[in-house]
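The values are calculated or read from the model by the stated rules, or taken from the named source; none is laboratory data. Quantities reported herein were computed from a predicted structural model and do not represent experimental measurements. Cβ sites come from the backbone with ideal geometry, for glycine too, and all protein chains shown count toward neighbours. Note: accessible area is taken over every heavy atom of the protein model, side chains too, but ligands, DNA and RNA are not part of it. Shrake-Rupley method; radii C 1.70, N 1.55, O 1.52, S 1.80 Å.
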Amino acid sequence: MFAVFKSQLRKDIRSPWAIILLLTGSIVLSLIASGTNQTTQTTVPVFSDDGAVLEKWEPLLNENDQFAFVTGTEADAQANIRDGEVNMALQLFEDDYRILTGSNMPQLQILEDYVHTLFTTEAQLQASGTNQIDALRQAVQEYLESPPYQLQIEAVGGGEIPEYNMELQLLFGFTLFMAMFTIGFKVNEISAERTNGIWDRMILSPLTKMSMYLGHLLSSFFVGFLQIIIVLLIFQYFMDYDLGNSFGKIVFITALFTLSMVSVAMLFTGFMKTPEQFQIIYSSTIPIIPVLSGVYMPPGMLSNPILLFIADLFPLVHAVDSLMDIALYDISWSDLALPSALMLLIGVISMGIGVNLVERRNS
Amino acid sequence: MLETIKLTKSFKGKKAVDDVDLYIDEGESIGLLGPNGAGKSTTISIISTLIKPSSGDVKLQGKSTIKNPAAIREVLGVVPQEIALYEELSAYENLKFFGEIYKVKRNTLETRIQETLEMVGLKERQKDLVKTFSGGMKRRVNIAAALLHKPKIMILDEPTVGIDPQSRNHILETVRKLNQEEGTTVLYTSHYMEEVEQLCRRVYIMDHGKVVASGSKEELLNILSSEDTLQIQLSGTTETVIKKINSFNAVRHVDKTSDGIRIITKKGSNILSELVHTVESEGIQITNYQMVTPSLEDVFLHLTGRTLRD
């Protein structure tokens with residue numbers, strides 16, 4: 001087994017460019033995606049028949065970071081929605097509003113909550129009967145900075161509930177995604193060796209089948225695992241990303257994900273006749289998995305049960321969710337039991353079927 | 001020592017190996033001759049236990065290797081037709097890997113690596129990566145990888161395909177040394193007649209999955225004792241001439257060569273005048289004419305109706 005393991009690693013050391021390229025790719029993609037994510041603000045056209053109404057509400061509406069309300073005409077807003085340039089627009093009245101949209105999406109609810117709160121607050125201020133609304137608003141804001149009653153929310157383990165960090169999710173997503181390629185190409189060495197006769201030579205040697213597979217799969221695991229850990233360490237120590245205080249748990253989940261992904265790649269190998277066929281099919285299938293798993297989107301955006309079911313069949317979604325929970329909430333080992341068990345289950349089933357198919361093809 | 005008994009292998013209903021009986025004595029050098037697709041590689045894959053036969057058996061010292069593959073694997077060295085090496089590693093690293101998987105003891109492995117490299121003439125290039133080697137050098141490392149554990153039986157599957165004459169000679173010399181000086185039993189498959197003639201004491205000729213003839217070179221040539229072979233150089237060749245000559249009563253077979261034709265006739269028949277007349281009537285001149293001693297190539301042609309390179 002160690003002879004096979006060593007020979008595989010020696011090959012990687014001799015031509016490391018593919019691995020270095022994928023490692024660099026995951027760093028670059030994470031950086032680009034987090035940069036894009038930071039500047040994302042949803043633009044909402046806003047219009048009214050009454051210019052004074054627009055003048056009153058526009059500054060109030062823009063007192064937030066999530067939405068950018070841009071004044072315009074009704075015709076422009078409708079055209080923008082129709083062309084797909086924006087998803088929502090807001091029509092304003094003196095004491096009311098109307099949201100125009102082309103599709104029912106999660107952001108619609110967020111916008112509705114925000115505008116509704118703003119209008120309710122303004123209505124309460126006006127109901128006070130004073131003519132100096134701005135002064136009253138200022139007074140209320142100052143009063144709310146030290147209110148008589150405060151609701152304090154704490155995380156289960158104590159301390160503040162951390163804000164959801166999309167940059168971190170993208171980092172985990174891209175790192176694991178790129179590692180899936182490395183692992184796949186490494187496992188594909190089995191197909192290549194079956195084609196070029198090295199596999200047959202090993203069969204004729206005293207080496208057991210178990211040792212042959214273990215040597216190969218262990219080297220694939222090792223390289224994939226090392227790639228993920230290197231990227232995470234770079235982001236933790238050189239890019240100032242906060243991966244939480246439980247790096248041991250992150251290493252554990254990474255190891256389980258890598259193990260499970262090696263098995264999934266083995267399953268692909270079982271179905272493919274040649275290494276070239278593997279490369280085409282694997283490279284075309286793998287990029288779909290993060291999309292189906294919702295790795296590039298904020299939580300809750302993906303709600304289609306069929307897509308969620310398909311995503312659950314791959315270890316990526318379980319690994320990213322677990323890593324986020326570890327980094328943000330420092331969840332306990334017992335909370336990691338379910339995703340760990342699921343990844344192990346995927347691994348065991350895929351490996352069983354994959355090895356069986358490879359052996360059947362050989363015989 | 002090693003025998004196959006009514007060995008048959010079918011793939012999707014088509015027989016790749018059909019009722020093949022072979023026998024190899026200890027220390028013998030046997031040639032398995034046949035064109036591409038004759039069933040040679042499938043036969044040796046079954047003998048080396050890589051695939052199971054549809055029926056029949058392979059016996060080593062009287063014991064079935066189908067039931068107990070480990071018995072033959074211990075004493076077998078197989079040189080596959082493909083270059084089964086890691087191109088990214090050096091010749092030395094490849095041999096070290098194969099030595100390790102063959103469980104060659106650590107204290108003797110280094111010596112064995114140097115011995116085999118010496119044998120295949122690549123000691124000076126051992127640190128170079130295999131991917132930088134010529135086709136012939138790769139084939140020599142391919143052979144060295146099968147020698148590390150000192151196998152008693154060597155199976156070489158077309159080890160000289162597509163290589164330069166110098167490497168080819170080196171490989172043939174290595175195989176000859178293995179057989180004659182070290183007493184290794186050799187099963188050598190090829191579609192190069194001259195290699196088999198040079199290396200092997202006995203030959204099995206295969207075609208369409210069957211053994212069509214076997215024996216020593218002399219025994220096989222005796223098959224053609226009732227025939228003469230004429231080698232004729234012509235100023236040109238046409239299909240009409242070949243057809244006309246083929247229709248002569250004494251002619252058994254006419255084969256086109258690079259500069260003329262080769263005719264197999266009944267022993268002692270004189271077709272010269274008839275031949276000159278036919279050829280000249282087509283406006284072609286005979287530039288040379290000789291009766292040649294039959295070769296194994298002629299035997300093969302006689303038995304199968306096609307040449308080895310068909």
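Here are the numbers for this structure:
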read-out	value
In region A:322-363, residue surrounded by the fewest Cβ atoms within 10 Å (Cβ to Cβ) [restricted to those that are polar (S, T, N, Q) and within 14 Å of chain B (Cβ to nearest Cβ)]	A:SER363
Residues satisfying the stated conditions in region B:251-270, i.e. open to solvent by 10 Å² or more (accessible area, probe 1.4 Å) and more than 15 Å from B:HIS302 (Cβ to Cβ)	B:LYS256, B:THR257, B:SER258, B:ASP259, B:GLY268, B:SER269, B:ASN270
Any chance B:LYS244 is without any contact (Cβ under 8 Å) to a residue 40 or more places away in the chain and either of a type in the set (Lys, Arg) or under 14 Å from B:PHE300 (Cβ atoms) (or both)	yes
A:GLN66 vs. criteria free of Cβ contacts under 8 Å to residues at least 60 places away in the same chain, outside the structural domain of A:MET239 (by TED's automatic domain parsing) and closer than 22 Å to A:LEU170 by Cβ	yes
Residue within region B:42-58 that is buried (at least 22 other Cβ atoms within 10 Å of the Cβ), away from chain A (no Cβ under 11 Å), more than 25 Å from B:GLY136 (Cβ to Cβ) and in contact with an Asp or Glu (Cβ under 9 Å, 6 or more places away or on another chain) present	yes
Enumerated helices (runs of 4 or more DSSP H) restricted to region B:69-136, each holding at least 2 residues that are within 10 Å of chain A (Cβ to nearest Cβ)	B:69-75, B:91-101
Count of region B:187-243 residues which are among the hydroxyl-bearing types (Ser, Thr, Tyr), closer than 28 Å to B:LEU275 by Cβ and open to solvent by 20 Å² or more (accessible area, probe 1.4 Å)	6
Matching residues in region B:137-162 - criterion: being assigned to a loop (DSSP other than H, G, I, E, B), away from every other protein chain (no Cβ under 14 Å) and open to solvent by less than 60 Å² (accessible area, probe 1.4 Å)	B:THR160
Pair list, Cβ under 6 Å, 6 or more apart: region A:189-211 residue more than 10 Å from chain B (Cβ to nearest Cβ), other residue hydroxyl-bearing (Ser, Thr, Tyr) and buried (at least 19 other Cβ atoms within 10 Å of the Cβ)	A:ILE190/A:THR269; A:SER191/A:THR269
Flag if B:LEU89 is under 18 Å from A:GLN8 (Cβ atoms) and in contact with a helix residue (DSSP H, G or I) (Cβ under 7 Å, 6 or more places away or on another chain)	yes
Lone unmet requirement of (1) modelled with pLDDT of 85 or more; (2) open to solvent by less than 60 Å² (accessible area, probe 1.4 Å); (3) away from chain B (no Cβ under 14 Å) for A:GLY35	(1)
From the options B:THR278, B:THR293, residue that is at pLDDT below 85 and of a type in the set (S, T, N, Q)	B:THR293
Residue match in region A:271-289 (condition: closer than 30 Å to A:ASN104 by Cβ and assigned to a helix (DSSP H, G or I))	yes
Per-region count, region B:276-296, residues assigned to a helix (DSSP H, G or I) and either touching a Ser or Thr at 6+ places or on another chain (Cβ under 7 Å) or not assigned by TED's automatic domain parsing to the domain that holds B:THR229 (or both)	0
Test: residue in region A:206-216 that is in a helix (DSSP H, G or I), assigned by TED's automatic domain parsing to the domain that holds A:ILE281, within 26 Å of A:SER26 (Cα to Cα) and within 35 Å of the chain's Cα centre (by Cα)	yes
